[in-house]
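The values are calculated or read from the model by the stated rules, or taken from the named source; none is laboratory data. Everything numeric in this text was worked out from a predicted model, so none of it was measured. As a convention, Cβ positions derive from the backbone with ideal geometry for all residues, glycine included, and neighbour counts pool all protein chains shown.
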Amino acid sequence: MDFKTLEGMQYFESILDTVGNTPLVRLHEVAKGLPCPVLAKAEMFNPGGSVKDRIGLAMVEDAERSGRLKPGGTIVECTSGNTGLGLAMVAAVRGYRAAFCMPDKVSSEKVNLLKAFGAEVFLSPTAVEPDHPESYYSVAKRISSERPGAVLMNQYHNPSNPAAHYRTTGPELWRQTAGRITHFVAGMGTGGTISGTAKYLKEQNPKIQVIGADPVGSILKHYKETGQMSEAHTYKIEGVGEDFIPTALDFDMVDRVISCTDHDGLNMARRMAREDAIFVGGSSGMATWVALEVARECKPTDVVVVLLTDTGERYLSKVHNDEWMRDNHLLDPTSTHAGSLLGAKAANVRMLISVQAGEPLKKALSLIEQFGVSQLPVFRGTEVVGTLEEGDVLKTALADQGALERPLDSIMGPPLPVVGADDSADVVVKLLASRNSAVLVRANGAVSGILTRFDMLQFISGGI
């Protein structure tokens with residue numbers, strides 16, 4: 001680290017000098033009720049927004065020292081985005097070209113970030129075998145062999161990857177926890193982060209437990225437990241898990257591996273933003289979900305540390321987008337609020353149609369015909385005092401046309417239940433499942449909208 005002081009000024013000579021020394025932050029709301037503290041290593045504080053800044057710098061410097069990477073050369077890598085960004089920063093500072101190959105499931109934010117640093121980006125289909133000519137591994141190898149002066153960083157098999165974490169991440173955690181860390185949890189992709197960090201920590205205290213977090217669909221958990229390969233399946237969480245075994249991953253450093261579903265990992269990432277104001281991607285949500293599972297088994301004297309890989313800004317079009325989560329049948333109703341559901345309704349059906357107590361029944365019938373609504377809340381001033389159901393209005397009107405001139409109070413039913421705009425969609429679903437045809441939503445002290453069973457069916461199916 002090249003930190004300068006000059007005539008009272010304090011500054012770094014290069015953005016690369018700010019890599020590492022990221023903070024440790026305690027999780028509160030998502031870890032509420034657990035017997036021990038859960039601390040998060042916030043790697044989004046690196047200049048490129050992820051833990052991969054550490055290995056990007058280390059791999060390039062090692063390639064320079066060995067003479068493989070020369071001035072004017074091209075840095076090539078297959079990446080889910082974060083390692084590419086770490087390498088792109090180094091390339092920009094040191095005058096190299098950069099070309100990155102990525103699976104087509106990565107978020108558009110990652111692709112655009114790499115291009116913003118001047119890198120070339122090549123997308124490959126996700127659901128192909130690693131040795132397929134069009135896989136992002138194969139494309140990266142082809143580019144590095146065809147371009148003069150190009151060097152494949154090969155993070156999956158580059159010893160500089162775990163070595164960077166042995167030199168930096170491990171010592172930082174030992175120092176930050178004053179040696180009290182008892183459990184370390186991290187996602188596994190290349191395996192460099194967990195292997196290098198674990199090696200250092202276990203050298204300090206062999207009793208420290210190291211737990212890998214693996215998405216359902218990856219083969220790493222199965223391989224750790226059986227020593228055998230298995231069939232991989234596609235999953236939505238980015239940047240973790242594999243369909244082959246990277247040599248940067250030292251399973252001897254990992255005590256056990258816990259699997260996490262897309263649903264649990266992605267919704268945990270959303271909870272972390274809304275409950276603890278920690279904005280992360282899906283792999284960090286997955287690692288946190290695993291860390292909380294581990295902490296449930298711990299003693300009050302234990303200290304669980306989870307490594308948060310990157311910032312959630314890279315996933316605004318995916319994990320942190322309600323529509324994408326619904327379209328992929330991943331959205332947890334408890335992470336969506338009634339106010340959000342109301343705001344997602346089309347403008348022409350978002351307006352609350354209501355009547356005042358004492359008005360004639362024909363007014364209610366007119367509104368039902370005009371707006372095509374099935375329920376009409378009845379107000380007395382600003383207070384909800386009843387409900388008119390479409391069927392009851394029509395039945396009364398057909399039986400006695402004279403009733404249309406009488407006050408609607410005589411046939412109104414009890415008022416619909418009212419939820420707050422900040423109440424979860426899960427609360428709405430439970431109310432609608434218990435004989436309520438709709439619920440009203442209160443925001444800023446006033447009832448401002450209605451959610452029906454049809455609205456919730458559209459929400460569940462991705463229609464709103």
- Item | Qualifying residue in region 300-309 (condition: in a helix (DSSP H, G or I), modelled with pLDDT of 95 or more and crowded, with 19+ Cβ neighbours inside 10 Å) | no
- Take the residues in region 315-332 that are touching a residue at least 40 places away in the same chain (Cβ under 8 Å) and touching a Leu at 6+ places or on another chain (Cβ under 7 Å), then tell me which one is farthest from Pro47 (Cα to Cα). Leu330
- Item | Which listed residue, of Val128, Val93, is of a type in the set (Val, Ile, Thr), outside any helix (DSSP H, G or I) and over 21 Å from Ala287 (Cβ atoms) | Val128
- Query: How many residues are out of contact with any Lys or Arg (no Cβ under 8 Å at 6 or more places or on another chain) and either surrounded by 21 or more Cβ atoms within 10 Å (Cβ to Cβ) or assigned to a strand (DSSP E or B) (or both) when one looks only at region 326-335?
  - Reply: 1
- Message: Six or more apart or on different chains, Cβ atoms under 6 Å: show the pairs whose first residue is in region 52-80 and under 16 Å from Ala99 (Cα atoms) and of a type outside the set (D, E, K, R) and whose second is at pLDDT below 95 and assigned to a loop (DSSP other than H, G, I, E, B).
- Response: Ser80/Val106; Ser80/Glu238; Ser80/Gly239
- Count of region 364-383 residues which are touching a residue at least 12 places away in the same chain (Cβ under 8 Å), under 14 Å from Leu408 (Cα atoms) and either of a type in the set (A, V, I, L, M, F, W, C) or exposed (fewer than 15 other Cβ atoms within 10 Å of the Cβ) (or both): 8
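Condition check ((1) of a type outside the set (Phe, Trp, Tyr); (2) part of a helix (DSSP H, G or I); (3) farther than 19 Å from Glu275 by Cβ; (4) in contact with a strand residue (DSSP E or B) (Cβ under 9 Å, 6 or more places away or on another chain)) across all residues:
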position	(1), (2), (3), (4)
Leu16	yes, yes, yes, no
Val25	yes, no, no, yes
Val30	yes, no, no, yes
Lys41	yes, no, no, yes
Pro47	yes, no, yes, no
Leu57	yes, yes, yes, no
Arg68	yes, no, yes, yes
- What single numbered condition from (1) without any contact (Cβ under 8 Å) to a residue 24 or more places away in the chain; (2) surrounded by 13 or more Cβ atoms within 10 Å (Cβ to Cβ); (3) closer than 16 Å to Ser366 by Cα; (4) not charged (D, E, K, R) fails to hold for Phe454? (3)
- Task: Determine if region 265-274 includes at least one residue that is part of a loop (DSSP other than H, G, I, E, B) and either within 27 Å of Tyr136 (Cα to Cα) or out of contact with any helix residue (DSSP H, G or I) (no Cβ under 7 Å at 6 or more places or on another chain) (or both).
- Result: no
